[in-house]
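K.L.:
First the structure, which I've put down as structure tokens, then a few questions once you've had a look.
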Amino acid sequence: MECIREGCHNMIPSTRRSDAKYCSHGCYKVAKKGRDALEYTRRTDLYDKVKFNDSILHIMFEVKDEIPVHYFDNLGFYFDIYISKDSIDFEELYVMYDYAYSIRKYGQEVYIKIWMIGKDQKGFEPHILTHIN
């Protein structure tokens, strides 16, 4: 069987485990370092996008009405990036760090409702504190 590390075409020695994918521990470490670098880049990029979304929600939170979705589109909001989903009062919330939002549709019009997230007194589970009416 051949080593799966890109650029290495050595055969896996019979002295290694039968389920080994790399010809040596050195090949494994090089491949792991590459995977870790890609994962770090992916996570950093996602973190930056979530923080960007959170900053837009922070700015828009000052608005006292539901906000038409096109304002978020114009600012480059990433609707497909969020930390988790939650729900309150049968509304699906897309959770960032300090804010969450829900999408409301009225006929052809689409609006964003913003929710501020707080932490309980011990700093554990986040819960919803307030929202825009």
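K.L.:
Quick check on this structure: which one of TYR111, TYR106, TYR82 is touching a helix residue (DSSP H, G or I) at 6+ places or on another chain (Cβ under 8 Å), at pLDDT 90 or above and not hydrophobic (A, V, I, L, M, F, W, C)?
P.N.:
TYR111
K.L.:
Return the total of residues in segment 56-65 being in contact (Cβ under 8 Å) with a residue 60 or more places away in the chain and buried (at least 18 other Cβ atoms within 10 Å of the Cβ).
P.N.:
Count: 1.
K.L.:
Counting just the residues of segment 20-55 that are assigned to a loop (DSSP other than H, G, I, E, B) and under 33 Å from the mean Cα position of the chain (by Cα), which one comes out surrounded by the fewest Cβ atoms within 10 Å (Cβ to Cβ)?
P.N.:
Looking at the filtered set, the residue picked out is LYS21.
K.L.:
Restricting to segment 78-93, name every residue that is under 17 Å from the mean Cα position of the chain (by Cα) and exposed (fewer than 10 other Cβ atoms within 10 Å of the Cβ).
P.N.:
ASP80
K.L.:
Would you mind stating whether ARG16 is at negative phi and not in a loop (DSSP other than H, G, I, E, B)?
P.N.:
So ARG16 fails the test.
The values are calculated or read from the model by the stated rules, or taken from the named source; none is laboratory data. Fair warning: this is a prediction, and the values are worked out from it, not measured in the lab. Heads up, the Cβs are rebuilt from the backbone with ideal geometry, glycines too, and the neighbour counts pull from every protein chain shown.
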